[in-house]
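The structure appears right after this line, and notes come after that.
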Amino acid sequence: MEKLAATLPKAELHLHIEGTFEPELIFSIAERNKIKVPFASVEALKAAYEFQDLQSFLDLYYAGMNVLKTEQDFHDLAAAYFEKAHVQNVVHAEIFFDPQAHTARGIPFDVVIEGLSKAAEESKQKYGITSKLIMCFLRDQSAQSAMETLDSALKYGDRIVAVGLDSAEVGNPPSKFKDVFDKARANGWLTVAHAGEEGPPEYVWEAIKLLKVSRIDHGIRSLEDPELTRHIVEEQMPLTVCPLSNVRLKVFSHLKQHNLKRMLELGVRATINSDDPAYFGGYVGDNFQAAQSALDLNQDELERLARNSFHASFLSDGERNTYLSMVDDAVKHWQNLRKHDLCQHE
Ligand code: HPA
Ligand code: ZN
């Protein structure tokens, strides 16, 4: 089963590019930009990755990204992610970025998007990975700041596929951003939102009804509300679940307590993602492996998680079908290997 989890082709749909910033790369880019990191060493920085909740993580996440200044920096950040994702059989990635966290530091929007786009183009050539960008608004900042960010991004049109909502959830409900999301949709962008990570099921309802999202990011607390759960199953509203993140941010005390398996049993269109892999101990393949072993996911469940990732993606039907047949092929290949192994042991 572990081998199947590793070899299945996957789409990653919940990945903050700034959350892929590995400590070694933080230090090397800081040195290049002549910035002093307030930690003595890579080890000292890693030792600080002990989070109590979402906010304690966000404090370090925003501190880390402060060393990103140039187009080359954003390129190098994304190139490092694509390399790791490729090794773990990610074939398609829909990547969040947080423009306000950079423009507030005087880094122009263009620098961010050009650097990320160049790495995406190279990775398509090098590994065949397809990708899309999702621009997130920081929900703990004002709706006006989000609207200004939206306006400055309009000229990028189809370089961005969707807008999203991240950062500190509790006290910042989706309803705060209804007008911003209305305008984003009017300009042809799709919408997603983090909801039900630390916040209540009502926030998931708001994201669906007011922001008209195509996916819910996290959404784990949805299961507290039976009517919401029924709605999510009926509509096949995807949830982009991040198992290792949920444990590191203490949403669940242990992976064995995670409700991912329950979601699959209920027919929820759940997917597995890595969120901020440099901070939470693993990329998407690591999340598959950890969830498989803690929750004893079977072959059918692993296959479903991989297929769900493509169904929930913003790919065209043609691209989706190509990837879904790659999943079929990987399963057949795994079954053949297994038969072969069993014969040898007879
Ligand atoms: N939740 C909210 N905001 C975030 C996260 C997350 O898991 N990661 C990066 N920004
Ligand atoms: Zn997230």
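If the condition is being without any contact (Cβ under 8 Å) to a residue 60 or more places away in the chain and not in a helix (DSSP H, G or I), then the stretch 289-315 contributes only ASP296.
Out of GLU50, GLU114, one residue alone is of a type in the set (Asp, Glu) and either within 16 Å of ligand 2 (Cβ to nearest atom) or within 25 Å of PHE288 (Cβ to Cβ) (or both). It is GLU50.
Identify, from the list MET237, MET263, the residue that is away from ligand 1 (no atom under 15 Å from the Cβ), within 16 Å of GLU301 (Cα to Cα) and of a type in the set (A, V, I, L, M, F, W, C). After applying the criteria, what remains is MET263. Residue pairs whose Cβ atoms lie under 8 Å apart, sitting 6 or more positions apart in sequence or on different chains, and linking a residue in the stretch 233-255 that is at positive phi to a partner that is assigned to a helix (DSSP H, G or I), are GLN236/HIS311. Filtered by the rule that a residue be within 17 Å of the chain's Cα centre (by Cα), within 16 Å of ligand 2 (Cβ to nearest atom) and not hydrophobic (A, V, I, L, M, F, W, C), the stretch 74-103 gives TYR81, GLU94, ASP98, PRO99.
A Cβ distance below 8 Å, combined with a sequence gap of six or more or placement on separate chains, defines the contacts here; from the stretch 324-346, residues that are at pLDDT below 95 reach residues that are not polar (S, T, N, Q) in the pairs TRP334/LYS3; TRP334/LEU4; LEU337/LYS3. Taking the stretch 1-116 as the region of interest, the helices (runs of 4 or more DSSP H) fully inside it that hold 3 or more residues being surrounded by fewer than 21 Cβ atoms within 10 Å (Cβ to Cβ) and away from ligand 1 (no atom under 16 Å from the Cβ) are 2-7, 23-32, 42-47, 71-87. Determine if the stretch 209-228 includes at least one residue that is surrounded by 24 or more Cβ atoms within 10 Å (Cβ to Cβ), in contact (Cβ under 8 Å) with a residue 24 or more places away in the chain, within 14 Å of ALA312 (Cβ to Cβ) and of a type in the set (Lys, Arg). Yes, there is a match, as at least one residue in the stretch 209-228 is surrounded by 24 or more Cβ atoms within 10 Å (Cβ to Cβ), in contact (Cβ under 8 Å) with a residue 24 or more places away in the chain, within 14 Å of ALA312 (Cβ to Cβ) and of a type in the set (Lys, Arg). Among all residues of the stretch 180-199, there is at least one that is under 22 Å from ARG248 (Cα atoms) and in contact with a Lys or Arg (Cβ under 6 Å, 6 or more places away or on another chain). Restricting ASP286, ASP276 to those that are modelled with pLDDT of 95 or more and in contact with a strand residue (DSSP E or B) (Cβ under 6 Å, 6 or more places away or on another chain) reduces the list to ASP276.
Filter the stretch 136-182 down to residues that are at positive phi and more than 16 Å from ligand 1 (Cβ to nearest atom), then give me how many there are. Looking only at that region, the number is 1. Among the conditions (1) under 30 Å from LEU8 (Cβ atoms); (2) modelled with pLDDT under 95, VAL37 misses just one, which is (1).
Taken over the stretch 141-171, the criterion of being within 14 Å of ligand 2 (Cβ to nearest atom) and either part of a loop (DSSP other than H, G, I, E, B) or surrounded by fewer than 19 Cβ atoms within 10 Å (Cβ to Cβ) (or both) is satisfied by SER167, ALA168, GLU169.
Remark: pairs (first residue in the stretch 138-155, farther than 17 Å from VAL192 by Cα; second residue among the aromatic types (Phe, Trp, Tyr) and at pLDDT 95 or above; Cβ separation under 7 Å; 6+ apart in sequence or on different chains) = SER152/PHE109. Of the residues contained in the stretch 177-192, one or more are found to be closer than 20 Å to LEU15 by Cα, within 16 Å of ligand 2 (Cβ to nearest atom) and either assigned to a helix (DSSP H, G or I) or within 21 Å of the chain's Cα centre (by Cα) (or both).
Within the stretch 302-326, the only residue that satisfies the criterion of being crowded, with 21+ Cβ neighbours inside 10 Å, within 16 Å of ALA6 (Cβ to Cβ) and not aliphatic (A, V, I, L, M) is SER309.
Residues that are closer than 18 Å to SER167 by Cα and among the β-branched types (Val, Ile, Thr) were ranked within the stretch 193-241; the one that is farthest from the chain's Cα centre (by Cα) is VAL204. Against the conditions (1) hydrophobic (A, V, I, L, M, F, W, C); (2) closer than 21 Å to THR271 by Cα; (3) touching a helix residue (DSSP H, G or I) at 6+ places or on another chain (Cβ under 6 Å), ALA78 satisfies every one except (2).
In the stretch 268-285 there is at least one residue that is more than 16 Å from ligand 1 (Cβ to nearest atom), in a helix (DSSP H, G or I) and crowded, with 18+ Cβ neighbours inside 10 Å. Identify all residues within the stretch 188-208 that are touching a residue at least 60 places away in the same chain (Cβ under 8 Å) and within 13 Å of ligand 1 (Cβ to nearest atom); write none if there are none. Correct list: GLU197, GLU198.
The values are calculated or read from the model by the stated rules, or taken from the named source; none is laboratory data. Every value quoted in this text rests on a predicted model; they were computed, and no experiment measured them. FYI the Cβ positions are ideal-geometry reconstructions off the backbone, even for glycines, and counts take in every protein chain you see.
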